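The values are calculated or read from the model by the stated rules, or taken from the named source; none is laboratory data. Here the structure is a predicted model, which is why all the values come from computation and not from measurement. All Cβ positions, even for glycine, are placed from backbone atoms using ideal geometry, and neighbour counts span all protein chains on display.
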């Protein structure tokens, strides 16, 4: 059967990807391991934005602000109070999620492009505020530096490229498992319904406002986690990492891969993070090529490289099992 | 009071830049429902085009038509050049994607934006470029204790003429009615015999042309231009568009002027460092209370 | 809960009076009192009184622009009324959001079908049960046994509904890919999935051919037995006369008549509203 073949193919693909990702760092130099680390960061950010943009269809072009909140929470609490990075991981997630709740509550009713510009505005407000060094805690344009590596007392410390590589990819892996479960739950369905038709969703009994906010909060929380890992890897955070351009890149990750598709997000993240590296020899022309590639990509595959497939694979019938498929 | 009035004039000046750029966003959005992210970079390209014309052609132009003539020539050529660039962008990057819906077009627009920005960087170099000094003589007038430069007067007059002209075209001519009809409902407009392709051609030529003119004005006003300026001005102008109510032509003008004034008053009375924060806060507040912008109409969704 | 009112159905001259009396004996599932809704200067619904008896199929008819859909939108919470009350199970619904009203037991369909186009038929129906579930983020992420049990229940119910409307074979098709008539039935299945007490259908037979309309009528009579009340807007008089237990006629935002289908069919006020006030005009 065609259906079973698809599942086998998919499982093989997943297995190969996992094997490749786990042996990869032992076959690359540190430079490429770091490139793959940032691929992982982009994947995590892409997954977080995918909740908001891909699943619910909300135009969020300021998503990097949530990462900034997570990264600065980690940086400031670690350098000022010496709180370990590991403890700050959930704290950063909560800070970013709390920020999302606070900021998005009053604007969640805005539609389409109006929501889009407000998220852009929010992103810019966060970045400009960080530059302006309020209360002397964000370090202005230079940012905060001297952030620790993640460690468990004296037992264990993540301090080299390979270890960071595994940290980020394990987090990405766990996130993917969690998101797949969410996609196939009533929450994932509610999100998709809102994306398809807001009024029909509301009239079907879905609390549109609640589920939109939930998407923002979960997405922001995940971006906060990415911010935490990013800050401890670079040991420095500065406002220039959180520009509008970065938000646009995240937006492209989701759309290049295919809205609401988890493999799509991974492909999109790979395209965004690996492409400029592969074209490094072209130096100043590489972003030129990159821009052109985005256009060409959308002309030929507007639905993304790996759009989410719906149907049989996800839903094996319960009644079918009971042998009642003769109606 | 003196400071207030001077800031108002400064605000109107930069507000008129925003308004000219915002019109491009608004017209394209109105008809195509597309946020043309490349528009800011087309504006920047206009600024660089004007720069090159004034630098390379200044000797020839000044000896034949004078500096003022050079300025007008630079604006005209930038407007025509950028108008053509706008049409090319539409043909290559947007037209093939329309049937696929709105989001792919947004990515494509971002792609064009990155492409143009880097094309400018490759062509003119990554460093700041300075506009020639004496395009307009640095004359300052004092009216009742308020300082205003000749350049400001020229910019204000010129942009108000352009805004009035566009307002006239959109609101009073048959072709303007065709554009407004297409903005309301493209399919019905097409059924009523409006040639949508002509409308699209026109808005993708006129919007960027106005943006290119604004680019030359910004170059003359601030004298310093950089390849990233498209993002900054584009973002502000887009904010202005939303502030006024997207797709609404008078709204874009009002939004642009108001945004310029807010920005200048904010930097004068609150803090220079936080002026942009102030601008975005105002935008968010306006949208919370008027979700479709200042001049946007309240549209009940048809159920 | 199929109440037999044929016993009381004696045809008399002053049918309206008697019908009102018959009507008042029964328990109302839904009642609107002096309902008013304005759009700017236009009064779309004007002091409108509607009674829907429990366990019956009631129809709301009237010429185009009479305000029927607006009544539906007010009842289902999409619009807030400017005056009057919507009483359901003895409770005023005003101020509730649409999803809260669904949870209270009113489900609806739309005049121009609004499905979740890029989701499968099964997912569409499963979504209908959203308000009958309660699994949250954590139990979904960790697939708790509670969540799994609930998800299985949702799915079985959805599959039962798909069988019921005869769309089982399309369960894995995207909703946008199935035929128009099937889409109408899918939307009804989605509404039924929320296990409503009152089902509101906005022109369910529009766009259907005669065969499909007939199937629809049969289907509605069957589901009515599931402890359900149905209110529908309908233009097809065959459908209205064929299945309605009670018909309310609306024109220019006001109620102009209410009664048994046969009486409405001959009511001069109704004929006038549909055909205009011209002497000698025949229906």
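Residues to consider are B:123, B:109, B:177; find the one that is in a helix (DSSP H, G or I), out of contact with any strand residue (DSSP E or B) (no Cβ under 8 Å at 6 or more places or on another chain) and without any contact (Cβ under 8 Å) to a residue 12 or more places away in the chain.
Among B:123, B:109, B:177, only B:177 is in a helix (DSSP H, G or I), out of contact with any strand residue (DSSP E or B) (no Cβ under 8 Å at 6 or more places or on another chain) and without any contact (Cβ under 8 Å) to a residue 12 or more places away in the chain.
Which residue is nearest to the chain's Cα centre (by Cα), if the candidates are limited to the stretch C:154-176 and must be within 17 Å of residue C:118 (Cα to Cα) and within 9 Å of chain A (Cβ to nearest Cβ)?
Here the answer is C:175.
Across the stretch A:304-327, which residue is modelled with the lowest pLDDT among those that are within 7 Å of another protein chain (Cβ to nearest Cβ) and assigned to a loop (DSSP other than H, G, I, E, B)?
A:327
Can you tell me which condition residue C:111 does not meet? The list is (1) surrounded by fewer than 18 Cβ atoms within 10 Å (Cβ to Cβ); (2) at the interface with chain A (Cβ under 7 Å from one of its Cβ atoms); (3) in contact with a strand residue (DSSP E or B) (Cβ under 7 Å, 6 or more places away or on another chain), and all the others hold.
Of the numbered conditions (1) surrounded by fewer than 18 Cβ atoms within 10 Å (Cβ to Cβ); (2) at the interface with chain A (Cβ under 7 Å from one of its Cβ atoms); (3) in contact with a strand residue (DSSP E or B) (Cβ under 7 Å, 6 or more places away or on another chain), the odd one out for residue C:111 is (2).
Of the residues A:228, A:192, only one is at pLDDT 90 or above and within 11 Å of another protein chain (Cβ to nearest Cβ); which?
A:192
Could we say that residue B:163 is away from chain A (no Cβ under 14 Å), closer than 30 Å to residue A:248 by Cβ and assigned to a helix (DSSP H, G or I) here?
Yes; evaluated as a whole, the condition is true for this residue.
Need the failing condition index for residue B:21 against (1) in contact with a helix residue (DSSP H, G or I) (Cβ under 6 Å, 6 or more places away or on another chain); (2) free of Cβ contacts under 8 Å to residues at least 40 places away in the same chain, just the number.
Single failed check for residue B:21: (2).
Which residue, of A:301, A:280, A:286, is free of Cβ contacts under 8 Å to residues at least 24 places away in the same chain and either within 12 Å of the chain's Cα centre (by Cα) or away from every other protein chain (no Cβ under 11 Å) (or both)?
It is A:280.
Please pick out the residue among C:78, C:101 that is within 9 Å of chain A (Cβ to nearest Cβ) and either in a loop (DSSP other than H, G, I, E, B) or under 20 Å from residue C:178 (Cβ atoms) (or both).
C:78
Of the residues C:22, C:18, C:87, C:43, which is modelled with pLDDT under 90 and assigned to a strand (DSSP E or B)?
On inspection, the qualifying residue turns out to be C:43.
Quick test for you: out of C:208, C:198, C:192, C:162, pick the one residue that is in contact (Cβ under 8 Å) with a residue 12 or more places away in the chain and out of contact with any helix residue (DSSP H, G or I) (no Cβ under 7 Å at 6 or more places or on another chain).
Just one listed residue meets the conditions, C:198.
Could you count how many residues in the stretch A:134-160 are closer than 21 Å to residue A:82 by Cβ and part of a loop (DSSP other than H, G, I, E, B)?
14
Name the residue, out of B:288, B:242, that is part of a helix (DSSP H, G or I), over 21 Å from the mean Cα position of the chain (by Cα) and within 8 Å of chain A (Cβ to nearest Cβ).
None of the others qualify; the one that does is B:288.
Considering only residues that are within 19 Å of residue C:230 (Cα to Cα), more than 9 Å from chain A (Cβ to nearest Cβ) and in contact with a helix residue (DSSP H, G or I) (Cβ under 8 Å, 6 or more places away or on another chain), which ones fall in the stretch C:85-98?
C:86, C:88, C:89, C:91, C:93
When only residues in the stretch B:92-106 that are at pLDDT 85 or above and surrounded by fewer than 22 Cβ atoms within 10 Å (Cβ to Cβ) count, which is farthest from the other protein chains (Cβ to nearest Cβ)?
Going through the qualifying residues, I end up with B:95.
Considering only residues that are part of a loop (DSSP other than H, G, I, E, B) and within 8 Å of another protein chain (Cβ to nearest Cβ), look in the stretch C:138-153 and name the one that is farthest from residue C:184 (Cα to Cα).
C:142
Is one or more of the residues making up the stretch C:120-129 assigned to a loop (DSSP other than H, G, I, E, B) and within 7 Å of another protein chain (Cβ to nearest Cβ)?
no
Name the helices (runs of 4 or more DSSP H) wholly inside the stretch C:189-283 in which the number of residues that are within 30 Å of residue C:41 (Cβ to Cβ) is 1 or more.
Because the criterion is at least 1 residues that are within 30 Å of residue C:41 (Cβ to Cβ), the helices (runs of 4 or more DSSP H) in the stretch C:189-283 that meet it are C:268-275.
Go through (1) buried (at least 19 other Cβ atoms within 10 Å of the Cβ); (2) more than 10 Å from every other protein chain (Cβ to nearest Cβ); (3) within 28 Å of residue A:217 (Cα to Cα) one by one and return the number of the condition residue C:135 breaks.
In the conditions (1) buried (at least 19 other Cβ atoms within 10 Å of the Cβ); (2) more than 10 Å from every other protein chain (Cβ to nearest Cβ); (3) within 28 Å of residue A:217 (Cα to Cα), residue C:135 misses (2) alone.
A quick yes/no check of all residues on (1) within 14 Å of chain C (Cβ to nearest Cβ); (2) without any contact (Cβ under 8 Å) to a residue 60 or more places away in the chain:
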| site | (1), (2) |
| --- | --- |
| A:110 | no, yes |
| A:129 | no, yes |
| A:137 | no, no |
| A:163 | no, yes |
| A:166 | no, no |
| A:170 | no, yes |
| A:180 | yes, no |
| A:184 | yes, no |
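Looking at (1) more than 23 Å from residue B:243 (Cβ to Cβ); (2) at pLDDT below 95; (3) crowded, with 18+ Cβ neighbours inside 10 Å, which is the only condition residue A:113 fails?
(1)
Given the conditions (1) surrounded by fewer than 23 Cβ atoms within 10 Å (Cβ to Cβ); (2) within 28 Å of residue B:239 (Cβ to Cβ); (3) away from chain C (no Cβ under 14 Å), report the number of the one that residue A:198 does not fulfil.
(3)
Collect the residues in the stretch C:261-283 that are at pLDDT 80 or above and touching a strand residue (DSSP E or B) at 6+ places or on another chain (Cβ under 7 Å), keeping them in residue-number order.
C:261, C:264, C:267, C:269, C:270 - these are the residues of the stretch C:261-283 that are at pLDDT 80 or above and touching a strand residue (DSSP E or B) at 6+ places or on another chain (Cβ under 7 Å).
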